[in-house]
Amino acid sequence: MKKTDTKLLIKNMVCQRCILSVTSIFDRLEIPYKHIELGEVSLDETLGKEILKALEQEFKLVGFELIETRVNKIVETIKKLVLQFSTEPSTGHKLKLSAFLSEQMHYDYSYLSDLFSSVEGRSIEQFFIQQRIEKVKELIVYDQLSLSEIAFQTGFSSVHHLSAQFKKITGLTPSHFKSIRSEKRQSIDRL
């Protein structure tokens, strides 16, 4: 195999546990890699067909898949950038999401939006809002911030805006979600 800088794109790889899972697969199969991050593995060399097939089988067991087509690569890159954009503090955004994506990918936003919608069946904005709502859920469950602090941290303009979007996506108000989550959770000493 010839030495090159190769990147594998992986679908459904969206969290730190996903990175750990993919790292474990590469280590178990003894495949050398340079770096693993959300949705992407950097390699020093191109992998052979048999190794790629073994990787695909391992990925399938844990809900991942290799992305091969150009369109799918663009869609996964959009997802990765949306996740990056949504995890940055809201005060750090100088650009709107559409401008951020266009600047990062060097494509017109309308092209990216149409492409994303045709593959995913939802808009980039819907995906972005869903990511923000998942972060809100996580922060509500942690129960360390007020709703206004959560709204600010996740980039919503107000608690009212957060609540409206939360209800639209989940069907619940944030306070109802919080009460349901606390009912389901039991402290370790009560088990």
**Item:** Qualifying GluC sites (Glu not before Pro) for segment 52-156 [loop in DSSP, other Cβ within 10 Å: at most 14]
**Value:** E68
**Prompt:** Of C15, L29, H106, whose Cα points farthest to the positive end of the dipole of the chain (charges on the beta-carbon: +1 Lys, Arg; -1 Asp, Glu; origin at the Cα centre)?
**Reply:** C15
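Would you mind putting 106-115, 6-15 in packing order, based on average other-beta-carbon counts within 10 Å, highest first? Can you show the working numbers first?
Numbers: 106-115: 14.0, 6-15: 17.6.
Ranked by mean Cβ neighbours within 10 Å, highest first: 6-15, 106-115.
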**Complete:** Residue separation between S157 and H106 times 0.36 nm, minus their alpha-carbon distance, gives in nm 15.5 nm
**Prompt:** Between I169 and E120, how many nm apart are label points set 7 Å from Cα along the C-beta direction?
**Reply:** 1.2 nm
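Suppose every Lys and Arg Cβ carries +1 and every Asp and Glu Cβ carries -1, with no other charges. What dipole size does the chain come out with about its Cα centre, to the nearest 20 debye?
Details: 27 positive and 25 negative charges, 99 e Å.
About 480 debye.
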**Asked** What is the extension gain from L61 to Q144, computed as 0.36 nm multiplied by their sequence separation minus the C-alpha to C-alpha distance, in nm to one decimal?
**Response** 26.4 nm
**Prompt:** Leaving out ligands, DNA and RNA, what percent of the accessible area of the chain is carbon and sulfur, probe 1.4 Å?
**Reply:** 52 percent
**Request:** Return one quarter of the surface area of the convex hull spanned by the alpha-carbon atoms of the chain, equal to its mean projected area, in nm².
**Result:** 13.8 nm²
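Mind checking the dipole of segment 16-72: about its Cα centre, +1 per Lys or Arg Cβ, -1 per Asp or Glu Cβ, Debye to the nearest 20?
In debye, rounded to 20, segment 16-72 gives about 160.
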**Asked** Whose amide H sits under 5 Å from the amide H of E40, counting only residues 5 or more places off or on another chain, with H placed in the peptide plane?
**Response** I10
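The values are calculated or read from the model by the stated rules, or taken from the named source; none is laboratory data. Remember, it's a predicted structure, so these values are computed and weren't measured experimentally. Here Cβ is always computed from backbone atoms with ideal geometry, including for glycine, and neighbour counts include all displayed protein chains. Calculation scope for accessible area: heavy atoms of the full protein, side chains included, ligands and nucleic acids excluded. Shrake-Rupley method; radii C 1.70, N 1.55, O 1.52, S 1.80 Å.
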